[in-house]
1. When segment 123-147 is examined, which residues are found to be in contact (Cβ under 8 Å) with a residue 60 or more places away in the chain and surrounded by fewer than 17 Cβ atoms within 10 Å (Cβ to Cβ)?
2. Among all residue pairs at least 6 apart or on different chains, which show Cβ distances below 7 Å where the first residue, located in segment 102-122, is in contact (Cβ under 8 Å) with a residue 40 or more places away in the chain and at positive phi and the second is surrounded by 21 or more Cβ atoms within 10 Å (Cβ to Cβ) and in a helix (DSSP H, G or I)?
3. Any idea which residue in segment 85-103 is modelled with the lowest pLDDT, counting only those that are more than 24 Å from residue 135 (Cα to Cα), touching a helix residue (DSSP H, G or I) at 6+ places or on another chain (Cβ under 9 Å) and surrounded by fewer than 24 Cβ atoms within 10 Å (Cβ to Cβ)?
4. Failed condition for residue 39, given (1) surrounded by 20 or more Cβ atoms within 10 Å (Cβ to Cβ); (2) not in a loop (DSSP other than H, G, I, E, B), with all others met?
5. Out of the residues in segment 112-122 that are touching a helix residue (DSSP H, G or I) at 6+ places or on another chain (Cβ under 7 Å) and within 22 Å of residue 25 (Cβ to Cβ), state the one that is surrounded by the most Cβ atoms within 10 Å (Cβ to Cβ).
6. I need the full set of residues from segment 191-216 which are farther than 20 Å from residue 226 by Cβ and within 21 Å of the chain's Cα centre (by Cα), in order please.
7. Can you run down the residue pairs with Cβ atoms below 7 Å, 6 or more apart or on separate chains, where the first is in segment 2-18 and touching a residue at least 60 places away in the same chain (Cβ under 8 Å) and at negative phi and the partner is surrounded by 24 or more Cβ atoms within 10 Å (Cβ to Cβ) and assigned to a loop (DSSP other than H, G, I, E, B)?
8. Those residues that are assigned to a loop (DSSP other than H, G, I, E, B) and touching a strand residue (DSSP E or B) at 6+ places or on another chain (Cβ under 9 Å), I need them from segment 188-214; list them, please.
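The values are calculated or read from the model by the stated rules, or taken from the named source; none is laboratory data. If you're wondering where the values come from, they're calculated on a predicted model, not measured in any experiment. Virtual Cβ from ideal backbone geometry, glycine too; neighbours counted across all protein chains shown.
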């Protein structure tokens, strides 16, 4: 039976992770190793100079061995691959992330970072992300079929499959676009606002302004057109 390790960066009890675990059980035996709380935007960060903990938790899906971890999402993959899943997993899933991981913003993503760590460990990997909304109609409609399509196809050396689902109703959904390139454009134009100034210290908070333009053939263009985007992303050359 196929062994599947699942992680995320939203935390072990996040709704997207639970949905992905339920779908993954149709494809093999599932282990979960995920952060004990949100670890978004940590990219591929790993813990080398300090220890971290992992412990079994009661997971809301039956027949799943689940471990919470005080480390980063990439740490979760490392201990899952090297210590927890017997004989190493055949496949690693990361997600389903609450918010897109596409365009140049993917470099910050800990969902992608965890997937890249699995690719570094030479394990077939798929990262899943969706719009940061409560509309999951497209994801829930397409998830099984997309897993079926990708689970036995290697994305290439040091690469991951990167899947993003649009946050539109099924009535507005336009289909699946494959071989999407990672857009060099930004999804959010960031700026920092000063929230407090005191004692010669200034406190800053990031504010992202969403862009509504993108080049054809890219992951960002696919999402803006209410399509599922499937493509690969590189870890190291």
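1. Result: 140, 144.
2. Between residues of segment 102-122 that are in contact (Cβ under 8 Å) with a residue 40 or more places away in the chain and at positive phi and residues that are surrounded by 21 or more Cβ atoms within 10 Å (Cβ to Cβ) and in a helix (DSSP H, G or I), the close pairs are 103/219; 103/220.
3. Among them, the one singled out is 88.
4. The single condition residue 39 does not satisfy is (2).
5. 114
6. Listed by number, the list holds a single entry, 208.
7. 3/89; 4/89; 5/89; 9/39; 14/8; 16/8; 17/8
8. The answer is 211, and nothing else.
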